[in-house]
1. Charges at C-beta only: +1 for Lys and Arg, -1 for Asp and Glu. How large is the resulting dipole of the chain about its Cα centre, in Debye rounded to 20?
2. Over the chain, what percent of the accessible surface lies on carbon and sulfur atoms, probe 1.4 Å?
3. Going by alpha carbons, how many degrees (0 to 90, nearest 10) lie between the helix axis of 3-25 and the longest principal axis of the chain?
4. What distance in nm separates the simple spin-label points at Val105 and Ala129, each placed 7 Å from Cα in the Cβ direction?
5. How high is the relative contact order of region 30-124, in percent, counting Cα pairs under 8 Å that sit 6 or more residues apart?
6. Would you work out which of Leu116, Phe34, Leu73 lies farthest towards the positive end of the dipole of region 1-154? Charges go on Cβ: Lys and Arg +1, Asp and Glu -1.
7. Against the longest principal axis of the chain, how steep is helix 43-58, in degrees 0 to 90 to the nearest 10, with axes from Cα atoms?
8. Taking only protein heavy atoms into account and a 1.4 Å probe, give the accessible area per residue of the chain in Å².
Amino acid sequence: MNITRASWVQLASLWGAAVLVLVTAGWLLLLAGFFGSPLLAAPVPFVLVGTAYGLGSAFPSASRLTENNGSRLLWACLVGLLGLAGTFFVFAAFDAADIDHLPWVAIILCGLPYPLVAGILATPWPFRAGAAALTAALIVFGVWLPVSRDKPASTGDRFAEMVHDVFIPHKAKQIKFDFRS
(Lines give C-alpha, C1' and ligand atoms only; values in the text may rest on other atoms or scores of the structure.)
Protein backbone atom coordinates (compact mmCIF):
# COMPACT_ATOMS: atom_id res chain seq x y z
CA MET A 1 0.00 0.00 0.00
CA ASN A 2 1.50 3.37 -0.93
CA ILE A 3 1.77 6.30 1.50
CA THR A 4 -1.23 8.19 0.19
CA ARG A 5 -3.56 5.18 0.26
CA ALA A 6 -2.33 4.22 3.74
CA SER A 7 -3.00 7.76 4.95
CA TRP A 8 -6.53 7.79 3.54
CA VAL A 9 -7.35 4.39 5.01
CA GLN A 10 -5.86 5.36 8.37
CA LEU A 11 -7.85 8.61 8.51
CA ALA A 12 -11.11 6.89 7.58
CA SER A 13 -10.44 4.11 10.08
CA LEU A 14 -9.70 6.64 12.83
CA TRP A 15 -12.93 8.46 12.17
CA GLY A 16 -15.01 5.28 12.26
CA ALA A 17 -13.21 3.89 15.31
CA ALA A 18 -13.54 7.18 17.19
CA VAL A 19 -17.28 7.32 16.55
CA LEU A 20 -17.62 3.71 17.65
CA VAL A 21 -15.58 4.28 20.83
CA LEU A 22 -17.46 7.47 21.68
CA VAL A 23 -20.83 5.77 21.22
CA THR A 24 -19.85 2.75 23.32
CA ALA A 25 -17.50 4.16 25.98
CA GLY A 26 -18.45 7.83 25.80
CA TRP A 27 -21.32 7.32 28.22
CA LEU A 28 -18.64 7.18 30.93
CA LEU A 29 -17.94 10.87 30.25
CA LEU A 30 -21.59 11.65 30.85
CA LEU A 31 -21.61 9.66 34.08
CA ALA A 32 -18.43 11.39 35.23
CA GLY A 33 -20.01 14.79 34.67
CA PHE A 34 -23.29 13.74 36.28
CA PHE A 35 -21.73 12.24 39.41
CA GLY A 36 -18.79 14.67 39.56
CA SER A 37 -16.28 11.83 39.60
CA PRO A 38 -13.41 12.07 37.11
CA LEU A 39 -12.45 8.45 37.84
CA LEU A 40 -15.47 7.33 35.84
CA ALA A 41 -14.04 9.09 32.78
CA ALA A 42 -10.53 7.63 33.20
CA PRO A 43 -10.96 4.64 30.83
CA VAL A 44 -12.12 6.74 27.87
CA PRO A 45 -8.76 8.43 27.05
CA PHE A 46 -6.98 5.10 27.44
CA VAL A 47 -9.39 3.40 25.05
CA LEU A 48 -9.01 6.24 22.53
CA VAL A 49 -5.19 6.20 22.76
CA GLY A 50 -5.16 2.39 22.52
CA THR A 51 -7.40 2.45 19.47
CA ALA A 52 -5.20 5.09 17.83
CA TYR A 53 -2.10 3.04 18.64
CA GLY A 54 -3.66 -0.02 17.02
CA LEU A 55 -4.52 1.90 13.88
CA GLY A 56 -1.06 3.45 13.83
CA SER A 57 0.37 -0.07 13.97
CA ALA A 58 -1.90 -1.22 11.16
CA PHE A 59 -0.80 1.63 8.86
CA PRO A 60 2.79 2.49 9.81
CA SER A 61 3.56 4.19 6.50
CA ALA A 62 0.86 6.84 6.96
CA SER A 63 3.06 9.03 9.15
CA ARG A 64 6.70 9.25 10.13
CA LEU A 65 5.57 9.05 13.75
CA THR A 66 3.93 5.66 13.25
CA GLU A 67 7.02 3.94 11.84
CA ASN A 68 8.43 2.72 15.20
CA ASN A 69 6.88 1.84 18.56
CA GLY A 70 8.16 4.76 20.64
CA SER A 71 7.05 7.50 18.29
CA ARG A 72 3.82 5.57 17.56
CA LEU A 73 2.90 5.85 21.24
CA LEU A 74 3.53 9.62 21.10
CA TRP A 75 1.42 9.80 17.92
CA ALA A 76 -1.38 7.80 19.57
CA CYS A 77 -1.35 10.04 22.66
CA LEU A 78 -1.51 13.18 20.51
CA VAL A 79 -4.31 11.81 18.35
CA GLY A 80 -6.28 10.39 21.28
CA LEU A 81 -6.00 13.31 23.69
CA LEU A 82 -6.22 16.18 21.20
CA GLY A 83 -9.09 14.33 19.53
CA LEU A 84 -10.86 14.09 22.89
CA ALA A 85 -10.44 17.84 23.36
CA GLY A 86 -11.90 18.29 19.87
CA THR A 87 -14.83 16.07 20.83
CA PHE A 88 -15.56 18.31 23.81
CA PHE A 89 -15.33 21.32 21.49
CA VAL A 90 -17.86 19.81 19.06
CA PHE A 91 -20.29 19.05 21.89
CA ALA A 92 -19.73 22.54 23.32
CA ALA A 93 -20.44 24.17 19.96
CA PHE A 94 -23.65 22.17 19.50
CA ASP A 95 -24.69 22.89 23.09
CA ALA A 96 -23.89 26.61 22.89
CA ALA A 97 -25.81 26.89 19.60
CA ASP A 98 -28.71 25.03 21.25
CA ILE A 99 -28.91 22.44 18.47
CA ASP A 100 -30.77 19.55 20.07
CA HIS A 101 -32.54 18.15 17.03
CA LEU A 102 -29.40 16.75 15.31
CA PRO A 103 -27.89 14.29 17.81
CA TRP A 104 -26.58 11.85 15.17
CA VAL A 105 -24.87 14.65 13.28
CA ALA A 106 -23.16 15.68 16.51
CA ILE A 107 -22.04 12.11 17.20
CA ILE A 108 -20.64 11.70 13.68
CA LEU A 109 -18.88 15.07 13.92
CA CYS A 110 -17.41 14.15 17.31
CA GLY A 111 -15.28 11.54 15.58
CA LEU A 112 -13.86 14.11 13.14
CA PRO A 113 -11.15 15.62 15.41
CA TYR A 114 -9.23 12.32 15.50
CA PRO A 115 -8.53 12.05 11.75
CA LEU A 116 -7.90 15.80 11.64
CA VAL A 117 -5.14 15.50 14.25
CA ALA A 118 -3.77 12.42 12.47
CA GLY A 119 -3.93 14.32 9.17
CA ILE A 120 -1.87 17.15 10.65
CA LEU A 121 0.69 14.51 11.70
CA ALA A 122 0.58 12.59 8.39
CA THR A 123 3.59 12.17 6.11
CA PRO A 124 2.42 13.74 2.83
CA TRP A 125 2.26 17.50 3.13
CA PRO A 126 -1.11 17.81 1.34
CA PHE A 127 -2.69 15.89 4.21
CA ARG A 128 -1.09 18.22 6.75
CA ALA A 129 -2.13 21.37 4.90
CA GLY A 130 -5.67 20.15 4.26
CA ALA A 131 -6.19 18.92 7.81
CA ALA A 132 -4.82 22.13 9.30
CA ALA A 133 -7.01 24.30 7.05
CA LEU A 134 -10.12 22.20 7.76
CA THR A 135 -9.40 22.25 11.50
CA ALA A 136 -9.05 26.04 11.52
CA ALA A 137 -12.23 26.46 9.47
CA LEU A 138 -14.23 24.14 11.76
CA ILE A 139 -13.00 25.92 14.90
CA VAL A 140 -14.00 29.28 13.44
CA PHE A 141 -17.39 27.82 12.45
CA GLY A 142 -17.84 26.29 15.92
CA VAL A 143 -17.18 29.63 17.58
CA TRP A 144 -19.29 31.60 15.07
CA LEU A 145 -22.36 29.31 15.05
CA PRO A 146 -23.66 30.08 18.57
CA VAL A 147 -23.02 33.79 18.10
CA SER A 148 -24.97 33.77 14.84
CA ARG A 149 -27.95 32.21 16.60
CA ASP A 150 -27.99 34.92 19.32
CA LYS A 151 -27.34 32.50 22.14
CA PRO A 152 -26.00 33.87 25.45
CA ALA A 153 -23.39 31.16 26.12
CA SER A 154 -20.28 31.08 23.97
CA THR A 155 -18.60 27.90 22.77
CA GLY A 156 -15.55 28.66 24.90
CA ASP A 157 -17.67 29.01 28.03
CA ARG A 158 -19.50 25.75 27.32
CA PHE A 159 -16.19 23.97 26.52
CA ALA A 160 -14.66 25.09 29.82
CA GLU A 161 -17.80 24.11 31.72
CA MET A 162 -17.92 20.62 30.15
CA VAL A 163 -14.24 19.93 30.81
CA HIS A 164 -14.62 21.21 34.37
CA ASP A 165 -17.70 19.06 35.01
CA VAL A 166 -16.02 15.89 33.76
CA PHE A 167 -12.41 16.22 34.93
CA ILE A 168 -12.44 18.51 37.99
CA PRO A 169 -13.85 16.79 41.06
CA HIS A 170 -16.44 18.75 42.93
CA LYS A 171 -18.65 18.01 45.85
CA ALA A 172 -22.26 17.32 45.12
CA LYS A 173 -24.73 19.53 46.93
CA GLN A 174 -26.53 17.66 49.64
CA ILE A 175 -30.26 17.95 49.70
CA LYS A 176 -31.72 18.04 53.18
CA PHE A 177 -35.23 16.86 53.67
CA ASP A 178 -37.33 18.06 56.57
CA PHE A 179 -40.27 15.78 57.27
CA ARG A 180 -41.38 17.41 60.54
CA SER A 181 -44.27 19.37 59.12
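The values are calculated or read from the model by the stated rules, or taken from the named source; none is laboratory data. Note that the structure is a prediction, hence the values are computed from the model and not measured. When we count neighbours, we look across all protein chains shown, and the Cβ atoms used for this are built from the backbone with ideal geometry, even at glycine. Areas reflect the complete protein model, heavy atoms only, side chains present, ligands, DNA and RNA absent. Shrake-Rupley method; radii C 1.70, N 1.55, O 1.52, S 1.80 Å.
1. Working: 11 positive and 9 negative charges, 56 e Å.
The dipole magnitude comes to about 260 debye.
2. Details: 7570 of 10620 Å².
Roughly 71 percent, rounded to a whole number.
3. 20
4. Rounded to a tenth, the inter-label distance reads 3.1 nm.
5. Details: 87 pairs, mean separation 26.3, N = 95.
28 percent.
6. Ranked along the dipole, the leading option is Leu73.
7. The answer is roughly 10 degrees.
8. 59
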